[in-house]
Amino acid sequence: MGEAPAFFVDHLENGQHTNGFGEKTEPEHRDTSVQIGDRSYVIGGNHEGNPLFLGVQIHDKTTNKWFTPTVLGTGPKPCKAYSAIVLNESRILVIKKGSASDDSIWFLEVNSPFVREQRELLGKEVVAWSKGVRGNAEKPIVISGPSGVGKGTLIAMLMKEFPSMFGFSVSHTTRSPRCMEENGVHYHFTDRTVMEKEINDEKFLEYASVHGNLYGTSIESVEVVTDSGKRCILDIDVQGARSVKAKASSLDAIFIFICPPSMKELEDRLRARGTETEEQIKKRLRNAEAEIKDGESSGIFEHVLYNENLEECYKNLKNLLGINDDSPVNGVEVEGINLPKEHTVTKMEDKILIQETGEATKNNMIVLDLSSINGGAPGRTRGIVLDTVKSS
Ligand SMILES: Nc1nc2c(ncn2[C@@H]2O[C@H](COP(=O)(O)OP(=O)(O)O)[C@@H](O)[C@H]2O)c(=O)[nH]1
Ligand SMILES: Nc1ncnc2c1ncn2[C@@H]1O[C@H](COP(=O)(O)OP(=O)(O)O)[C@@H](O)[C@H]1O
């Protein structure tokens, strides 16, 4: 603290603070800086010597002092170069150049409500990272698997650990409620005639007859989750998954199939659960063989998880969704934003124009529309709308 890092002295001498967007050019490593009020934020290098964390340093003009703030949230890993631009007095957009497609847009919050609250709480200077994700990138998750494999258990674990991140699409069914099942929470329990009428009225995204009962996902049940800003989880059978996948107008979802370690174990779990009659158990086990075969070989499911050890399977599910133990707050795996390695950045109101540069380019432009961004630290900044404008 107090001592100016060498790179920044250089940078100030270069006088590159014209439009709140700065960049220092060194062959191997580039740092960037932006100015908000009396403060300059330098982004680059490592944070306090940790090679896994991108560094943040602050220079306060009024005191002419340097300091390293406490950095909250899982931030970006260092890379060779960054662009940064001030969005408003509380947020800096940081773009990693040429980095992995799901890791290029970040927000450094320097004076957001969360940062102010933490600053007060901790009694020191605080900034916070939040990863940017595309508005349409948080794909719904379709989970299928035979009865008793553990779908409900895994979904309940996700929802419990990440209540603000995931929402369950509550299906309609004509089967009777089990004890402990609540109408509107586990299922919308309904009559066959009512449900058939609603299916005819196009109120359902998909439906199927499973183990002798009708099950279906109403459009409304998915909308309720999406409107709440959460990522929708659907627990549906293989037929339902197939029809969701087949419809072009349907959900662009991630399809996961859960497999049991063996038929014997599946039977043991179903019996131990004690929610079905002997006849129902037999029917479910008969159907399970075909479901597993379909799940593993139909091409519907991009991911097959084996639920032998529950904790292990849950960990694998979280990994698959991009949530791991190192990033408990930052959420889900999303479709990334592929930024050109060489580019310039310009801000026009709520839009960020990223213009591809360099010899071998076609001068395409990427437009980030930030007018609908939401969320933020702690967690992701969602709602980025991205458009590519190809030069003719
Ligand atoms: N197609 C479809 N299947 C569903 C829906 N809701 C549940 N299912 C499936 O129906 C099957 C039976 O579900 P349930 O009676 O709750 O029994 P469990 O699988 O043993 O918990 C499971 O394979 C569920 O994935 C739905 O809305 N649509
Ligand atoms: N990996 C596991 N090992 C042992 N029992 C499990 C495991 N996963 C789930 N269970 C148990 O198996 C039963 C069926 O799980 P459940 O989540 O109801 O399955 P599904 O929703 O797929 O029908 C439950 O009693 C649950 O506690």
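Read-outs: derived from the displayed coordinates by stated rules, not from any lab. Treat the numbers as computed from the prediction; the structure is a model and nothing was measured. With ideal geometry, Cβ positions are generated from the backbone for all residues, glycine too; neighbour counts draw on all protein chains shown.
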In nm, to one decimal, how far is the modelled label at Glu181 from the one at Asn88, with both set 7 Å along Cα→Cβ? 4.6 nm
When Tyr207, Tyr314 are ordered from fewest to most other Cβ atoms inside 10 Å of their Cβ, what list results? Tyr314, Tyr207
Which whole-number percent of Cα pairs in segment 171-210 have a distance greater than 11 Å? 64 percent
Rounded to the nearest angstrom and ordered from largest down, what semi-axes does the equivalent ellipsoid of segment 141-320 get from its C-alpha gyration tensor (root of 5λ)? 23, 20, 17
From fewest to most C-beta neighbours within 10 Å, the residues Val126, Val142, Val345 line up as Val345, Val126, Val142
Going down the list Lys61/Lys124; Lys139/Lys203; Lys65/Lys341, which pairs span over 24 Å between their C-alpha atoms? Lys65/Lys341
Sort 195-202, 260-267, 32-39 by packing, meaning the average of other beta carbons within 10 Å per residue, with the highest value first. 32-39, 260-267, 195-202
